[in-house]
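Heads up, the thing below is written out as structure tokens.
The values are calculated or read from the model by the stated rules, or taken from the named source; none is laboratory data. Since the structure is predicted, the reported quantities are computational estimates derived from the model, not experimental observations. All Cβ positions, even for glycine, are placed from backbone atoms using ideal geometry, and neighbour counts span all protein chains on display.
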Amino acid sequence: MAWRSVGTSNADLIRQLRDYGVIATEAVADAMTATDRKHYSPRNPYMDAPQPIGGSVTISAPHMHAFALEYLRDQLKPGAHVLDVGSGSGYLTACFYRYIKAKGENENTRIVGIEHQVSLVQLSKSNLNADDSSMLNSGQMLIVEGDGRLGHAALAPYDAIHVGAAAPETPNELLNQLARGGRLIVPVGPEGGTQYMQQYDKDASGKVQMTRLMGVMYVPLTDLRS
Ligand SMILES: C[S@@+](CC[C@H](N)C(=O)[O-])C[C@H]1O[C@@H](n2cnc3c(N)ncnc32)[C@H](O)[C@@H]1O
């Protein structure tokens, strides 16, 4: 891909993503600049490629995080409920938090990362605390352990849902937990086959419209019990 790059620092990486047009808006650049990848990616934090973080899992590439923030930005408002499915390292969850905080304080804001590997739940909490412990301490950001295909009903409905691993079909429960006016983005397609990042918008009447955004390559959402 033309924009594959390596930064000498987090700020340099984000500047390059901006220069290549992957990051389109100042607010996304600010949230990603404020969230230094060194806290989340022990290897090559400033390379625009997925990196191993343990548990046979990778932190997604910076350009995919940038796209996620850009596609969801209209839903990322103070008071919003946001669900990050397969939150892994915690990086994107932190970006969602910072993006919304920069727009304004609202006691109702809730950013939820859901991850099914216990070791990654612990790792992400420790990453987030190394970055800035006020995020989790605020009570407005939560990392929960669970099967993200089922969402997190306790804090539904969500204005924005991001899924960081591919579903063979769109998980219905996530559509059910999407708020009216909300947007879900999810990679859909078989493991190793043709996958698309799909966007689902629920209108004020509850009707859902799907848009195919781009072809992608993601690891699958999995079932830990099988
Ligand atoms: C490609 S990684 C991306 C992680 C994260 N977005 C990041 O960039 O650090 C996909 C993540 O989805 C998680 N995952 C896979 N299936 C899941 C499921 N059913 N429920 C919750 N998490 C799941 C994996 O454990 C992994 O952390």
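Some points to look at:
- Of all residues assigned to region 129-149, at least one qualifies as being touching a helix residue (DSSP H, G or I) at 6+ places or on another chain (Cβ under 7 Å), surrounded by fewer than 16 Cβ atoms within 10 Å (Cβ to Cβ) and either polar (S, T, N, Q) or under 17 Å from Cys95 (Cα atoms) (or both).
- Neighbours by Cβ (under 8 Å, 6+ apart or cross-chain): first from region 204-226, within 16 Å of His63 (Cα to Cα) and at pLDDT 95 or above; second surrounded by 11 or more Cβ atoms within 10 Å (Cβ to Cβ) and among the β-branched types (Val, Ile, Thr): Leu213/Ile185
- Ser87 being within 7 Å of the ligand (Cβ to nearest atom) and farther than 19 Å from Asp223 by Cα: no
- Region 78-95, residues that are surrounded by fewer than 24 Cβ atoms within 10 Å (Cβ to Cβ) and of a type outside the set (A, V, I, L, M, F, W, C): Pro78, Gly79, His81
- Sole exception among (1) within 13 Å of the ligand (Cβ to nearest atom); (2) out of contact with any His (no Cβ under 6 Å at 6 or more places or on another chain) for Asn137, by number: (1)
- Cβ pairs under 6 Å, 6+ apart, first in region 1-20 and surrounded by 18 or more Cβ atoms within 10 Å (Cβ to Cβ), second of a type in the set (Val, Ile, Thr) and at pLDDT 95 or above: Ile14/Thr33; Leu17/Ile23
- Selection of helices (runs of 4 or more DSSP H) fully inside region 107-214 by the criterion of at least 3 residues being more than 14 Å from Val85 (Cβ to Cβ) returns 118-132, 134-137.
- Region 169-220, residues that are away from the ligand (no atom under 16 Å from the Cβ) and among the acidic types (Asp, Glu): Asp201, Asp203
- Number of residues in region 67-92 that are within 20 Å of Met141 (Cβ to Cβ) and not in a loop (DSSP other than H, G, I, E, B) equals 12.
- Subset of region 96-113 [surrounded by fewer than 24 Cβ atoms within 10 Å (Cβ to Cβ) and touching a Leu at 6+ places or on another chain (Cβ under 8 Å)]: Lys103, Arg110
- Residue in region 58-77 that is farther than 18 Å from Tyr40 by Cβ and in contact with a Ser or Thr (Cβ under 8 Å, 6 or more places away or on another chain) present: yes
- Scope region 72-84; condition more than 14 Å from Ala31 (Cα to Cα), under 11 Å from the mean Cα position of the chain (by Cα) and more than 8 Å from the ligand (Cβ to nearest atom); matching residues: Val82, Leu83
- Here is the figure for region 49-64: residues that are outside any strand (DSSP E or B), among the hydroxyl-bearing types (Ser, Thr, Tyr) and either crowded, with 18+ Cβ neighbours inside 10 Å or touching a residue at least 24 places away in the same chain (Cβ under 8 Å) (or both) total 1.
- Checklist (1) farther than 29 Å from Ala154 by Cα; (2) in a loop (DSSP other than H, G, I, E, B); (3) modelled with pLDDT of 95 or more applied to Arg4, failing item: (3)
- Filter result (buried (at least 20 other Cβ atoms within 10 Å of the Cβ) and away from the ligand (no atom under 12 Å from the Cβ)) within region 37-48: Tyr46, Asp48
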